[in-house]
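Asker: Quick one: structure below, then a few questions.
The values are calculated or read from the model by the stated rules, or taken from the named source; none is laboratory data. Everything quoted here is computed from the prediction, not taken from an experiment. Cβ sites come from the backbone with ideal geometry, for glycine too, and all protein chains shown count toward neighbours. The protein model used for the area step is the full one, side chains on, heavy atoms only, and it has no ligands, DNA or RNA in it. Shrake-Rupley method; radii C 1.70, N 1.55, O 1.52, S 1.80 Å.
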Amino acid sequence: MLLRLVMALTLGLSLASAARADTRPVVVELFTSQGCSSCPKADAYLRELAGRDDVIALSFAVDYWDFLGWKDTLASPAFTKRQRAYARALDLSGVYTPQIVVDGIAEGVGSRRAAIEQHIAKQSATPLPVPLHFTDDGATLTLHVGAGAAPERAATLWLVRYAKEESVEIRRGENRGKTMTYTHAVRGLMPVGMWEGSATTVTLPKTEMLMQGYEGCVALLQMRDGGPILGAARIDLAAGPDAP
């Protein structure tokens, strides 16, 4: 009886480990602002998500709350444009903070953990259709994009560069007097190619990105403007080519 129990427990742990190994990272994008008093809870939640292997967590600072008295030091109009594209694609009445978008197809208030966790769990059970991965030779990165079914319109390959942590002392506005730490704060967002179904590679200058202060890099293959994410990959720029 004891032997059967041990064998059943071992099998259960093996199956659970295999399930975790097969789980692909889910892309979680937080749209936040230093001028938003409702955002710190969502920022703290994203910090936790950034430590998980099953999530690619990114923090995008938007600029439309700057009129409240504090100009967000991490914000970019490009990040606001990305959020507005999601609002159109998801048929929302407008943009707001804090907002989390999951895999480009689901969204919710960034501080409502239970709802966001449900989105993450649902998406993690569905493989992304196009495989992406990085290789690192020390001086350059190569992004490998797999083949897949050709989309009706070419998908965009985005390169997202981020700092692991950015601490900001906020002197005015709704969060004045606070020192906030933003995890996986996006500092660069740019399209690096289009994808129409064929396998392809993109070579990137790793040394230049490190000199600019970027510590992490994510590639996102995405349908149309603000559409579903078809593939995703991440790499720690500071870890070196032999890092797992």
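Asker: Would it be correct to say that ALA85 is assigned to a loop (DSSP other than H, G, I, E, B) and out of contact with any strand residue (DSSP E or B) (no Cβ under 7 Å at 6 or more places or on another chain)?
Answerer: Criteria not met by ALA85.
Asker: Within region 97-117, how many residues turn out to be in contact with a strand residue (DSSP E or B) (Cβ under 9 Å, 6 or more places away or on another chain) and open to solvent by 60 Å² or more (accessible area, probe 1.4 Å)?
Answerer: Number satisfying all stated conditions: 2.
Asker: Can you tell me which condition ILE120 does not meet? The list is (1) of a type in the set (A, V, I, L, M); (2) within 23 Å of ALA149 (Cα to Cα); (3) in contact (Cβ under 8 Å) with a residue 40 or more places away in the chain, and all the others hold.
Answerer: (2)
Asker: Go through the residues of region 141-152 one by one and say whether even a single one is open to solvent by 60 Å² or more (accessible area, probe 1.4 Å) and either assigned to a strand (DSSP E or B) or closer than 21 Å to CYS39 by Cβ (or both).
Answerer: Among the residues of region 141-152, not one is open to solvent by 60 Å² or more (accessible area, probe 1.4 Å) and either assigned to a strand (DSSP E or B) or closer than 21 Å to CYS39 by Cβ (or both), which makes the answer no.
Asker: Tell me which strands (runs of 3 or more DSSP E) are completely within region 155-232 and hold 3 or more residues being out of contact with any Leu (no Cβ under 8 Å at 6 or more places or on another chain), open to solvent by 40 Å² or more (accessible area, probe 1.4 Å) and within 22 Å of ASP72 (Cβ to Cβ), or say none if there are none.
Answerer: 155-169
Asker: Restricting to region 162-187, what's the tally of residues that are under 22 Å from the mean Cα position of the chain (by Cα) and more than 19 Å from GLY104 (Cβ to Cβ)?
Answerer: 12
Asker: Here's another thing I want to ask about it. For residues in region 54-82 being of a type in the set (Phe, Trp, Tyr) and not in a helix (DSSP H, G or I), which is most open to solvent (accessible area, probe 1.4 Å)?
Answerer: Only one residue tops the list, namely TRP65.
Asker: When residues of region 196-216 are filtered for being within 12 Å of ALA238 (Cα to Cα) and modelled with pLDDT under 80, how many remain?
Answerer: The initial filter retains those residues of region 196-216 that are within 12 Å of ALA238 (Cα to Cα), namely 206-207, 209-211, 213-216.
Checking which are modelled with pLDDT under 80 leaves us with 207, 209-211, 213.
Within region 196-216, residues that are within 12 Å of ALA238 (Cα to Cα) and modelled with pLDDT under 80 number 5.
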